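This report concerns only the one structure given below.
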C-alpha cells in the first residue's frame, strides 16, 4: 500500500484545503470569464436535469398508480426500478461533472484558470520566503510552463475541438457502460451478490495490493450493496476528476502513455485524497458547477508539491521520465502541515550534498 497508504490520502485532503484557501485569496480569480460561463452551465444543468427527470418522474408516477390497483407491498421489482433510476441519475449520468468536463474542450477558460493560479502560487511562494536567500529557493513553475505549447491530437480531417469532444464522449460512454453493466449484473440471481465485491477487488488490487483488496472484497459481502457501490463510484469519480484537472499540465509536458500511468500510480494516494473532497462537492446541485473552477485553481498548488519545476522547453528532453518517480514523496508526507513548502528541488539536492547545513531545517 506504499502509494495508497492512509497518510498519503490524508496529505491529499490537506492539500485540498490549503490549495483552496490559497486559490480563493487570488483577487484575479473571480474576475475570470469561467464564472460567467459557469453561470450559463448552471442554467444548462437545470434544463438538462429537468429533461432527465421527466421519464424518471413518469415511471415513478406509473408505479404509484399501479400500487393503488395492485398490492406491491410484497413485490421487490418496483423498488428495484426506482433504485435503478436513482442510480443512473446520480452515479452514471453525473450531469454536473459532464457539463464542466465538456466545457474544458470547447473553451480555454479552465486552462487559463490553471495557469493564472500557477502564477499566483509562484508569487505567494516568493512573498512567504522573501527574507531568505533567493539562491536557495525553488525555481518558478509558471514562466517555463507558460512557454510550452499545448499538444494537439492526432492529425486528421477533424477540427481539434471535434477530436477532443469525440474522445471525451468515448471515455464517458465507456464509463457509463461499465457502471450500467455492474448494476445490471448485480441484480442477477445467485451471482449478483458477488458482482460489486468482485469489481472492488479487481479495481483496488493494483492500487493497494492483493491482501487489502481481499479485505475490501470480504467487507463487500457483508456491507449493503448501496454503500459499496457509492464507495466504488466515489473512487472512480475521484480518479477521473483528477485526470481532468491535471490536463493543463499534461497538455504541455509530453508524457508517453506508459510514463503517465506510472506518474499517477506513484502519487495515487495523494491524488485520491485531493480529488475526493472536490468529488463530493461537485455532486451538489448548482454549487458543484461553480466549484469546478476552484478545484482547477487548487490543482495549480498541487502540481508544485508533486512535481519538480519544469525546465525551459528547449531543455525539456528527459524531463517527463525524470518526473515519473516522485523523489521527495516520503519527505513530503512527513512534513508538518504548516511547512508544506519545506521541501523543493534545490533544497533537496543540497541537503544530500550538505546535510550539516540543512539538517535543522528538515528536522
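Fully extending the segment from residue 210 to residue 7, taken as 0.36 nm per residue of separation minus the present Cα-Cα distance, adds 71.1 nm.
What list do you get for 60, 31 if you sort them by fewest beta carbons within 10 Å?
Neighbour counts put them in this order, fewest first: 31, 60.
Cβ neighbours within 10 Å, averaged per peptide: list 270-281, 242-253 in order, most packed at the top.
270-281, 242-253
Once both labels are positioned 7 Å from their Cα atoms along Cα-to-Cβ, the gap between residue 54 and residue 338 label points is 5.8 nm. Counting only Cα atoms, the size of the range 280-331 along its three principal axes is 44, 29, 14 Å, in decreasing order. A simple packing score, the average count of other Cβ atoms within 10 Å per residue, orders the peptides 255-261, 326-332 as 326-332, 255-261, with the highest score first. Across the alpha-carbon atoms of the range 234-307, the computed radius of gyration and Dmax are 12.3, 37 angstrom. Residue separation of residue 61 and residue 256 scaled by 0.36 nm, minus their Cα-Cα distance, works out to 65.1 nm of gained length.
Please give the contour-minus-distance gain from residue 181 to residue 202: 0.36 nm per residue of separation, less the Cα-Cα distance, rounded to one decimal in nm.
6.1 nm
In terms of its alpha-carbon gyration tensor, the range 177-261 comes out prolate; a/c meets the 1.5 threshold, and the first ratio a/b outweighs b/c.
Here the peptides 127-140, 182-195, 8-21, 294-307 are ranked by packing, the mean other Cβ count within 10 Å, and the order with the highest first is 294-307, 8-21, 182-195, 127-140.
Rule-based calculations on the coordinates, nothing more; no lab input. As the structure is a computational prediction, the values presented were derived from the model and not from experiment. Here Cβ is always computed from backbone atoms with ideal geometry, including for glycine, and neighbour counts include all displayed protein chains.
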